[in-house]
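The values are calculated or read from the model by the stated rules, or taken from the named source; none is laboratory data. Bear in mind that the values here come from a model prediction, so they are computed numbers and not experimental data. Cβ atoms come from the backbone with ideal geometry, glycine included; neighbour counts cover every protein chain shown. In case anyone asks, the SASA skips ligands and DNA or RNA and just uses the protein heavy atoms, side chains included. Shrake-Rupley method; radii C 1.70, N 1.55, O 1.52, S 1.80 Å.
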Amino acid sequence: MSGIPLAQKDLFCTEGLRTTCSSKILSNFIPPYTATAVMKLESAGSITIGKTNMDEFAMGSSNETSYFGNVHNPWKKGYVPGGSSGGSAAAVAAGIVPAATGTDTGGSIRQPAAHCGITGIKPTYGRVSRWGMIAFASSLDQAGPLARSAEDCAILLNEMSGHDSKDTTSLDIESTDLLHTINQPIKGLKIGIVKEFSLGDLDSEVQNRFEDSKKLYETLGAEFVEISLPNISASVPTYYSIAPAECSSNLSRFDGVRFGHRAENTGDLNDLYIKSRSEGFGDEVKRRILIGTYALSAGYYDAYYKKAQQVRRLIKNDFELAFESIDLIMTPTSPGTAFAFGSKGAQNPIELYLEDLFTISSNLAGLPAISIPHGKVNSMPAGLQLIGNFLREDQILNAAHIFQQNSAFHLDKPSMEEF
Ligand code: GLN
């Protein structure tokens, strides 16, 4: 990694360098320490050249909730880059940096990677330390790299991974060299296709790209098996109960006293909290804090948060059972491609929440998943997702690398003429 310039999502604390999480409430926050994942990349010789825009506190799928304004998709001005790691994905796609860091709570590495035509991997929960990452939903958040290829992702992930005693959820496992295990033949690899994801409802071009990729894998020796994940349809509502609940708790620390923005001309302490938080948080963040506080309140906890955790376990069990007979699972990364600013979610936020239909379940189950570019749909990049078994990043990186050795989609770059 010596001398390699990297951009860091502005959710990783960087000592002496402003870290905002794209929120007004942290717009003047300069951390006194650096996140473990960034520190590890820097110890390996890389150079942080800047921080990237994102959805406020990583809540979003379009990078439109940032206090600092929208990020444009390098493939088309006025189109979203995806989110929440939209700035990192756009910076890599535009050729500003060869790679960048992101975080993924429900799809925020994979969906922007798909919309910007690059590769991004969300590792197994616990592989990369969360210390120094500003928390959104602690039981789901995981850091990972965005880069031009699976091989580059393997190089970065090798450096970012590893046990960290400062994060109690960090896995204490022997480190594996993920670069060493790519480029293995995939003959006989068993790939699961999820019966419950009715791909027939998607745009026919999205289906065509998926079928083309399936054929490519078949010619390379992989076998496809239909699998059932019976509880998968509950994954979006389950996520949107758990993530807001955890965010309402995590974001309670932003009170105008210890960090960031503090309202002026306030009365008593309560007034200071209310005004600072009302001024400091954007609408989507406020919506989630309200939903989460409600879901955690006495009397509703059992009906919402506890119930969601129980359903989450069922989803995890479905994956465990499926992985007894397959090596990995293949889905589109996102139901569609990048869309125009303001065209989704303005009237109904659920429209945007459905962007993560295919990505959320692997966060709920803690599994690794990668998105690779696999062609265009209506002249915008489309992503293919490979979900791996627990700690089997080696398998999904290998399958992605073999795909990239036998196709050229990942080499495609935006012309940037409009910019
Ligand atoms: N789009 C999802 C959300 O809005 C996921 C975000 C993420 O992975 N950080 O919560």
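Residues in region 65-76 that are within 17 Å of Ile25 (Cα to Cα) and surrounded by fewer than 22 Cβ atoms within 10 Å (Cβ to Cβ): Tyr67, Phe68, Gly69.
Yes or no, residue by residue, for (1) over 16 Å from Pro123 (Cα atoms); (2) within 16 Å of the ligand (Cβ to nearest atom):
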residue	(1), (2)
Asn317	yes, no
Ile326	yes, no
Leu364	no, yes
Asn378	yes, no
Asn389	no, no
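The condition of being touching a Leu at 6+ places or on another chain (Cβ under 8 Å), open to solvent by 10 Å² or more (accessible area, probe 1.4 Å) and not polar (S, T, N, Q) does not hold for Tyr79. Quick one: would you say Val80 is within 12 Å of the ligand (Cβ to nearest atom) and more than 26 Å from Asn250 (Cα to Cα)? Yes, satisfied. Looking across region 144-164, just one residue is closer than 17 Å to Gly388 by Cβ and either part of a loop (DSSP other than H, G, I, E, B) or open to solvent by 70 Å² or more (accessible area, probe 1.4 Å) (or both), and that is Glu151.
Any residue that is more than 16 Å from the ligand (Cβ to nearest atom), over 10 Å from the mean Cα position of the chain (by Cα) and surrounded by fewer than 24 Cβ atoms within 10 Å (Cβ to Cβ) - is there at least one of those in region 106-126? Yes: region 106-126 contains one or more residues that are more than 16 Å from the ligand (Cβ to nearest atom), over 10 Å from the mean Cα position of the chain (by Cα) and surrounded by fewer than 24 Cβ atoms within 10 Å (Cβ to Cβ). Restrict the check to region 12-34 and report whether at least one residue is among the charged types (D, E, K, R), closer than 17 Å to Ala135 by Cα, in contact with a Lys or Arg (Cβ under 8 Å, 6 or more places away or on another chain) and at pLDDT 95 or above. Yes, there is a match, as at least one residue in region 12-34 is among the charged types (D, E, K, R), closer than 17 Å to Ala135 by Cα, in contact with a Lys or Arg (Cβ under 8 Å, 6 or more places away or on another chain) and at pLDDT 95 or above. Selection within region 283-335: residues that are loosely packed, with under 14 Cβ neighbours inside 10 Å and among the hydrophobic types (A, V, I, L, M, F, W, C). The member of this set that is nearest to Leu352 (Cα to Cα) is Leu290. Based on this model, can you work out whether Ala340 counts as more than 12 Å from the ligand (Cβ to nearest atom) and free of Cβ contacts under 8 Å to residues at least 60 places away in the same chain? So Ala340 does not fit the description; no.
Selection of region 110-137 for residues being in a loop (DSSP other than H, G, I, E, B), touching a Lys or Arg at 6+ places or on another chain (Cβ under 7 Å) and over 15 Å from Leu41 (Cβ atoms) yields only Ile118. Any residue that is more than 16 Å from Tyr305 (Cβ to Cβ), modelled with pLDDT of 95 or more and assigned to a helix (DSSP H, G or I) - is there at least one of those in region 218-231? There is at least one residue in region 218-231 that is more than 16 Å from Tyr305 (Cβ to Cβ), modelled with pLDDT of 95 or more and assigned to a helix (DSSP H, G or I). Screening Glu196 against (1) among the charged types (D, E, K, R); (2) farther than 26 Å from Asn389 by Cβ; (3) in contact (Cβ under 8 Å) with a residue 12 or more places away in the chain leaves a single unmet condition, (2). Considering Asp212, Asp203, Asp167, which residue is open to solvent by less than 80 Å² (accessible area, probe 1.4 Å), over 27 Å from Leu397 (Cα atoms), in contact (Cβ under 8 Å) with a residue 12 or more places away in the chain and of a type in the set (Asp, Glu)? Answer to the check: Asp203.
Matching residues to (1) away from the ligand (no atom under 16 Å from the Cβ); (2) under 23 Å from the mean Cα position of the chain (by Cα):
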{"site": "Asp268", "(1), (2)": "yes, no"}
{"site": "Ile274", "(1), (2)": "yes, no"}
{"site": "Asp283", "(1), (2)": "no, yes"}
{"site": "Lys286", "(1), (2)": "no, yes"}
{"site": "Ile289", "(1), (2)": "no, yes"}
{"site": "Ala295", "(1), (2)": "no, no"}
{"site": "Gly299", "(1), (2)": "yes, no"}
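Taking the stated definitions as given, is Asp412 touching a Gly at 6+ places or on another chain (Cβ under 9 Å), away from the ligand (no atom under 16 Å from the Cβ), among the charged types (D, E, K, R) and open to solvent by 60 Å² or more (accessible area, probe 1.4 Å)? Answer is yes for this residue.
Just name the residue that is nearest to the chain's Cα centre (by Cα) out of those in region 169-194 that are outside any loop (DSSP other than H, G, I, E, B) and not β-branched (Val, Ile, Thr). Filtering first and then ranking leaves Gly192.
Does Gln310 satisfy the criteria of being free of Cβ contacts under 8 Å to residues at least 60 places away in the same chain, polar (S, T, N, Q) and more than 16 Å from the ligand (Cβ to nearest atom)? For Gln310, the condition - free of Cβ contacts under 8 Å to residues at least 60 places away in the same chain, polar (S, T, N, Q) and more than 16 Å from the ligand (Cβ to nearest atom) - is met.
On the basis of being buried (at least 22 other Cβ atoms within 10 Å of the Cβ), within 16 Å of the ligand (Cβ to nearest atom) and assigned to a strand (DSSP E or B), does Thr101 make the cut? Yes, satisfied.
Cβ separations smaller than 6 Å between residues 6+ apart or across chains give the following pairs from region 263-287 residues that are free of Cβ contacts under 8 Å to residues at least 24 places away in the same chain to residues that are surrounded by 14 or more Cβ atoms within 10 Å (Cβ to Cβ) and assigned to a helix (DSSP H, G or I): Ala263/Lys275; Ala263/Ser276; Ala263/Glu279; Thr266/Leu272; Thr266/Lys275. Thr48 meets each of the listed conditions (1) within 16 Å of the ligand (Cβ to nearest atom); (2) open to solvent by 10 Å² or more (accessible area, probe 1.4 Å) apart from (1).
Considering only residues in region 1-45 that are closer than 19 Å to Arg127 by Cα and of a type in the set (Ser, Thr, Tyr), the one that is surrounded by the fewest Cβ atoms within 10 Å (Cβ to Cβ) turns out to be Ser43.
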